[in-house]
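Here the structure comes first, spelled out in structure tokens, and everything after it is commentary.
The values are calculated or read from the model by the stated rules, or taken from the named source; none is laboratory data. For clarity, every value in this text was computed on a predicted model and none was experimentally measured. So basically every Cβ, Gly included, is an ideal-geometry build from the backbone, and we count neighbours across all protein chains shown. Accessible surface is based on the protein model in full, side chains and every heavy atom, while ligands, DNA and RNA are left aside. Shrake-Rupley method; radii C 1.70, N 1.55, O 1.52, S 1.80 Å.
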Amino acid sequence: MAEVTVAFQVCSETINAAEAGLRRLDQPDLADMLRVIQTNEHEKLRLTLILQALRQSYAQGQFSWPRRPSADSIEINSGTGTPTHACQCCTAAEPTEAEYSAAKAEALQGLQCVVDNINEVLEEIKYAEADLDDQ
């Protein structure tokens, strides 16, 4: 994981240097486009990590709602004679299935929006490059 963090840091520093270089070359529009891409890439990473954490938690069975209690996880309350479910998964605060689904959908929708934004700016950069070639 540390290698990935270092790689992202190097990419970020390279983009920041390119942005600064474009500003020195009096190309603020292109520099702004790089900044928009950098900001959107940061958001894309954040949303990807959220989505991964949600999926991983679900896959590891950390939520109680996707599974039914097994017979050996059910205890009978000796005072009332009623079944109790005493595993730790039910005592910790956790999202409901609807909350999980909504969070996952929100992360996916956010990712799609961010990717669309990045693609739009990349398209603008292609047009700007063509304009510079024409000059």
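Return the sequence-ordered ³J(HN,Hα) values of region 94-110 in whole Hz as given by the Karplus equation 6.51 cos²θ - 1.76 cosθ + 1.60 applied to θ = phi - 60°, using x for Gly and Pro.
Per-residue couplings from phi come out as 8, x, 6, 4, 5, 5, 4, 4, 5, 5, 5, 5, 5, 5, 5, 5, x Hz.
By average Cβ neighbour count within 10 Å, what is the ranking of 53-62, 29-38 from highest down?
Output ranking for 53-62, 29-38: 29-38, 53-62.
Ranked from the most accessible area to the least, with a 1.4 Å probe and all protein chains present, what is the order of 12, 101? Walk me through the numbers on the way to the answer.
Values: 12 30, 101 60 Å².
Correct descending sequence by accessible area is 101, 12.
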